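Have a look at the structure below before the remarks.
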Amino acid sequence: MELTNGVLKIIVGRDLAFWRYPSYEVYLDATQRNAEIVELLIPSEGIDKNSVTTIQVSGNHFRIALPVRALNTMEYQEFRRYNADFYVVVRFTPAPASYMESLALNLPGYRIAGGFTVMASMESPSRMTEMNLFASDLNVTYTRYQQTPSLTSLRAYGYDSYSRRWSDVTAFVNTSGQVTARVGRPGTYIICR
């Protein structure tokens, strides 16, 4: 793990190929937990050989559950044909403030409490390609909200560029008002009521 300028980079080892646990929790110290940007680097060898493990990271701003099988997409298979050894990089960031302001103006009837962005790419020493879909859902809880009177009415929404609509991607909301979103593709997700 490496923490630089608020970015927590977690490089998963190649021994991921031999893990057969249903979940693996990455433990963070107090400084690492406070990172606003989390970047996971997962080796292709582990993705090829492991379909059962979910990598979990819990910080002060994000709680992430990433099933390794979610990264084994058609895009991944195509990239794999031309690159022997590479990493899939999945990056979680707060949504840009300008984007949140524009949404507040363009989504009448919604009160936006916060949002996050998920980006994914495949990176080898000689190539880099963005990912557009995941093979299954990631569960992401983003806990940095603006103050709202009723937290339990919050929902998570993701923009579907094909239908050009916002879709409800809420997996569940707990009693403290934390919303967990089902993330099926890279993009920006909003928390609103």
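In this calculation the C-beta distance from Glu78 to Asp160 is compared with R0 = 25 Å, giving a FRET efficiency of 0.60.
A Gaussian network model of the chain, with springs between Cα atoms under 10 Å, assigns the largest mean-square fluctuation among Leu40, Leu71, Leu107 to Leu107. Please check: in the Gaussian network model of the chain (C-alpha springs, under 10 Å), which one of Tyr87, Tyr162, Tyr27 has the largest mean-square fluctuation. Highest fluctuation of the listed residues: Tyr162. Where only DSSP H runs of four or more residues are counted, the chain gives -4000 deg cm²/dmol as its mean residue ellipticity at 222 nm, each run worth -39500 (n - 2.57). Once the Cα atoms are used to define both axes, helix 97-106 deviates from the longest principal axis of the chain by about 50 degrees. Dipole check for region 2-192: with +1 at the C-beta of Lys and Arg, -1 at the C-beta of Asp and Glu, and the Cα centre as origin, the magnitude is about 380 Debye.
Based on Cα contacts under 8 Å between residues 6+ apart, region 2-192 shows a relative contact order of 19 percent.
Here the calculated FRET efficiency for Met128 and Gln56, from their Cβ-Cβ distance with R0 = 30 Å, stands at 0.70, rounded to the nearest 0.05. Along Cα→Cβ, 7 Å out, is where each label goes; now give me the distance between the ones at Arg14 and Asn174 in nm to one decimal. Taking the two extended label points, one gets 3.7 nm.
In this label model, Glu36 and Tyr21 are separated by 3.1 nm, measuring between points 7 Å along each Cα→Cβ vector. Think of the chain as a dipole: +1 on every Lys or Arg Cβ, -1 on every Asp or Glu Cβ, centred on the Cα centre; then among Val89, Gln77, Ser176, Ser176 lies furthest on the positive end.
FYI, it's all coordinate maths here, none of it is from the lab. All of these numbers come straight from a predicted model, not from anything done at the bench. Because the Cβ atoms are built from the backbone with ideal geometry, glycine has one as well, and the counts that use them run over all protein chains shown.
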